[in-house]
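Student: Let me give you the structure first, and then I'll get to my questions.
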Amino acid sequence: MPKGTFGVTTPIYYINAAPHLGTAYTTVAADTIARYERMNGYDVSFVTGTDEHGQKIAETAEKNGMTPQAWCDSLAPAFTDAWKTLDIDYTNFVRTTEDRQTRAVQKFWQGLYDAGWLYKSAYEGWYCVHEETYYAESDLEKNEDGEFVCPDCKRPVRYESSGEENWFFKLSEFQDKLLAFYDEHPDFIRPVSRRNEIVSFVKGGLQDLSISRSSFDWGVPVPWDEGHVFYVWADALIAYLTGIGYGDPEREAEFDRRWPIQYHFVGKDITRFHCVIWPAMLMAAGMPITHTVFGHGFLLTKGEKMSKSKGNGLMPADLVRVFGVDAYRYYFMSDVQFGHDGSISMERMVQVYNADLANTWGNLVSRVTNMTTKYFEGRVPEAPAGSEDNPLREIADTLYAEYDACMAEVDFTGAAAAVQKLASRVNLYVEESAPWTLAKDPARADELAGVIYNCLEAIRIIALYMAPFMPNTSAEVFRRLGLGEIADTTDIQEATAWGQLPASVAVEVGDPLFPRLDVDNLPEL
Ligand code: MSP
């Protein structure tokens, strides 16, 4: 019986550029927590997808001589392929051009229209085609020529006063309700620094939000007004609901069971959409609100935000080729504190790889499996009475509480460090107990068996805690220890209780899990 449901989402990524390290970062983080909560007994939903509508896509498709749909179809595999390369085990991938998304978007907004939350009015404002967003003049920046430019992408904006009539959502009526909601739900916006930003933004007053366009047609049609399509954000946010069954009569019960979810993981640049517009939309619809929007920081290379448009957007596959998928995941999750900006570099990645993976975790597995072969003919020795009192067990016994508390704080760095602490301690324990000396003295055979058993047992436990970060390696370690499928674990707390490694099972040595890398022979980041 699952403990309950657990849901996480990534942003629904613009389809115009293949995933780079920044977008992959959010996705790996969502996958890591999803994998953990599965091992923790929850029935997990993990929704990701692609945001495929809007003027920009329509324009690019035309430039490429394709229909927008054909253009999107040609780009979507870049996402599914990248997520496969990174071992992302999502439960639902929503493309906003799917029929189920159209149905969900129309159902949602029709409800708000019927309830009187929408009205039609002319729109005038500064519009950035690239970001597909209108900006208040006070938010704009100026370039060297004195032109107004978009505060996000720095491209020139244009004043749109076409007199185009748009549908507006009465967002301004939600100021007090949102402030009260933030007050009552201190965990809704995390980390706290982002919460303060959002609260002061909302205190400054809210303007109604234009949710439709009639100047182009690449979007979900507004059902009650022909010629209008929904604005990209009014469309894409709904994908979080579509993914778990909203709008699908056959999945109604599933949706009710799964919504609201625990987390939207988003970059800090889009927290406002998720912390202001989205909860107001849900309030207007009378629906419960996601427990937490977690706004993570940016990955920086040489002090600058990585992005495709700046040309410093390296592709995940480039790094996976060098480091392997598990080390890739481990580096980003352990070395860039989720919630803060973090600098990444090839040098640092090699350092972490060599220290934590090659020298600590990988080395430990090789060493101990080798000694098992040498001293016990490759079979797990029987743990002699009393051997369970050992320093590894002491750490292992409190590890679940520590690791789980980190995961509850979305502190991947802390969770990884907690497991590393045990791995380092096992390496030290090997040094302290010197099995090679014990092996020379037949009178100490029991002691030797105890030491090897304890090391193997600690390896089993470490593999379980590493699995959300590095699923392949952990599965391989389980295989080498003659254990079952690690992915079937549904109670990690119980599974990591000391002493469950069965004796006399054959242990395999295998190749090094993380061969050492030489920093001088790597491509530059
Ligand atoms: N389509 C919208 C989201 C709609 S969600 C209902 C969108 N798409 S996006 O493709 O631009 O999203 C990019 C996501 O990647 C954002 O969360 C953004 O913060 C994140 N990142 C882009 N560059 C980044 C870094 N250099 N570092 C970390 N994440 C960054 O916005």
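Student: Residue 54 versus (1) at negative phi; (2) within 15 Å of the ligand (Cβ to nearest atom): which is the lone unmet condition?
Tutor: (1)
Student: I would also like to ask the following. Test of understanding: among 141, 132, 147, which residue is among the charged types (D, E, K, R), at pLDDT below 95 and open to solvent by less than 10 Å² (accessible area, probe 1.4 Å)?
Tutor: 132
Student: Within segment 301-319, does at least one residue satisfy the condition of being open to solvent by less than 10 Å² (accessible area, probe 1.4 Å), under 28 Å from residue 42 (Cα atoms) and under 21 Å from the mean Cα position of the chain (by Cα)?
Tutor: No, because not a single residue in segment 301-319 is open to solvent by less than 10 Å² (accessible area, probe 1.4 Å), under 28 Å from residue 42 (Cα atoms) and under 21 Å from the mean Cα position of the chain (by Cα).
Student: Working carefully through the options 227, 219, find the one that is within 16 Å of the ligand (Cβ to nearest atom), under 30 Å from residue 164 (Cα atoms) and not in a helix (DSSP H, G or I).
Tutor: Just one listed residue meets the conditions, 219.
Student: Oh, and also: Please note which strands (runs of 3 or more DSSP E) are completely contained in segment 87-164 and include at least 1 residues that are touching a strand residue (DSSP E or B) at 6+ places or on another chain (Cβ under 9 Å) and within 30 Å of residue 25 (Cα to Cα).
Tutor: Per the criteria, 92-95, 125-128, 133-135.
Student: Still on this structure: Answer with yes or no whether residue 521 is open to solvent by 10 Å² or more (accessible area, probe 1.4 Å) and not assigned by the TED database to the domain that holds residue 392.
Tutor: Judged against the criteria, residue 521 is a match.
Conditions tested, residue by residue: (1) open to solvent by less than 30 Å² (accessible area, probe 1.4 Å); (2) within 15 Å of the ligand (Cβ to nearest atom); (3) assigned by the TED database to the domain that holds residue 266; (4) among the basic types (Lys, Arg).
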| site | (1), (2), (3), (4) |
| --- | --- |
| 22 | yes, yes, yes, no |
| 40 | yes, no, yes, no |
| 61 | yes, no, yes, no |
| 67 | no, no, yes, no |
| 70 | no, no, yes, no |
| 82 | yes, yes, yes, no |
| 102 | no, no, yes, no |
| 110 | no, no, yes, no |
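Student: Also, quick follow-up: Are there any pairs, at least 6 apart or on different chains, whose C-beta atoms fall under 8 Å, with the first in segment 236-251 and without any contact (Cβ under 8 Å) to a residue 12 or more places away in the chain and the second surrounded by fewer than 24 Cβ atoms within 10 Å (Cβ to Cβ), and if so, which?
Tutor: Listed by first residue and then by second, the contacts come to 251/245.
Student: Could you pull out the residue among 432, 457, 382, 394 that is at pLDDT 95 or above, assigned to a helix (DSSP H, G or I) and touching a helix residue (DSSP H, G or I) at 6+ places or on another chain (Cβ under 8 Å)?
Tutor: Criteria check complete, one pass: 457.
Student: Only residues that are closer than 25 Å to residue 122 by Cβ, near the ligand (Cβ under 10 Å from one of its atoms) and in a loop (DSSP other than H, G, I, E, B): list them for segment 230-255, please.
Tutor: Residue satisfying the conditions is 237 alone.
Student: Looking at 467, 443, which one is among the small types (Gly, Ala, Ser), farther than 30 Å from residue 22 by Cβ and either surrounded by fewer than 16 Cβ atoms within 10 Å (Cβ to Cβ) or out of contact with any strand residue (DSSP E or B) (no Cβ under 7 Å at 6 or more places or on another chain) (or both)?
Tutor: The conditions single out 443.
Student: Only one of (1) outside any loop (DSSP other than H, G, I, E, B); (2) surrounded by fewer than 19 Cβ atoms within 10 Å (Cβ to Cβ) fails for residue 478. Which number is that?
Tutor: (2)
Student: Scan segment 1-18 and tell me whether some residue there is of a type in the set (A, V, I, L, M), surrounded by fewer than 20 Cβ atoms within 10 Å (Cβ to Cβ) and either free of Cβ contacts under 8 Å to residues at least 40 places away in the same chain or in a helix (DSSP H, G or I) (or both).
Tutor: Within segment 1-18, one or more residues are of a type in the set (A, V, I, L, M), surrounded by fewer than 20 Cβ atoms within 10 Å (Cβ to Cβ) and either free of Cβ contacts under 8 Å to residues at least 40 places away in the same chain or in a helix (DSSP H, G or I) (or both).
Student: Given the options 385, 401, name the one that is farther than 18 Å from residue 492 by Cα and surrounded by fewer than 17 Cβ atoms within 10 Å (Cβ to Cβ).
Tutor: Answer to the check: 385.
Student: Additional query: Is it the case, given these coordinates, that residue 76 is surrounded by fewer than 18 Cβ atoms within 10 Å (Cβ to Cβ), within 15 Å of the ligand (Cβ to nearest atom) and not assigned by the TED database to the domain that holds residue 404?
Tutor: Yes.
Student: Shifting gears a bit: Return the residues of segment 51-73 that are within 10 Å of residue 219 (Cβ to Cβ) and part of a loop (DSSP other than H, G, I, E, B); say none if nothing qualifies.
Tutor: Once the filter is applied, which keeps residues that are within 10 Å of residue 219 (Cβ to Cβ) and part of a loop (DSSP other than H, G, I, E, B), segment 51-73 yields 52, 53, 54.
Student: Might you check whether a residue that is farther than 20 Å from residue 108 by Cβ, part of a loop (DSSP other than H, G, I, E, B), open to solvent by less than 10 Å² (accessible area, probe 1.4 Å) and within 16 Å of the ligand (Cβ to nearest atom) occurs anywhere in segment 185-199?
Tutor: no
Student: Give segment 475-514 a look and list any residue that's of a type in the set (Phe, Trp, Tyr) and free of Cβ contacts under 8 Å to residues at least 24 places away in the same chain, or say none.
Tutor: Hit for segment 475-514 is 478, nothing else.
The values are calculated or read from the model by the stated rules, or taken from the named source; none is laboratory data. Predicted model only: the values in this text are computed from it and were never measured. Neighbour counts run over all protein chains shown; Cβ positions are idealised from the backbone, glycine included. Accessible surface areas use protein heavy atoms only, side chains included; no ligands, DNA or RNA. Shrake-Rupley method; radii C 1.70, N 1.55, O 1.52, S 1.80 Å.
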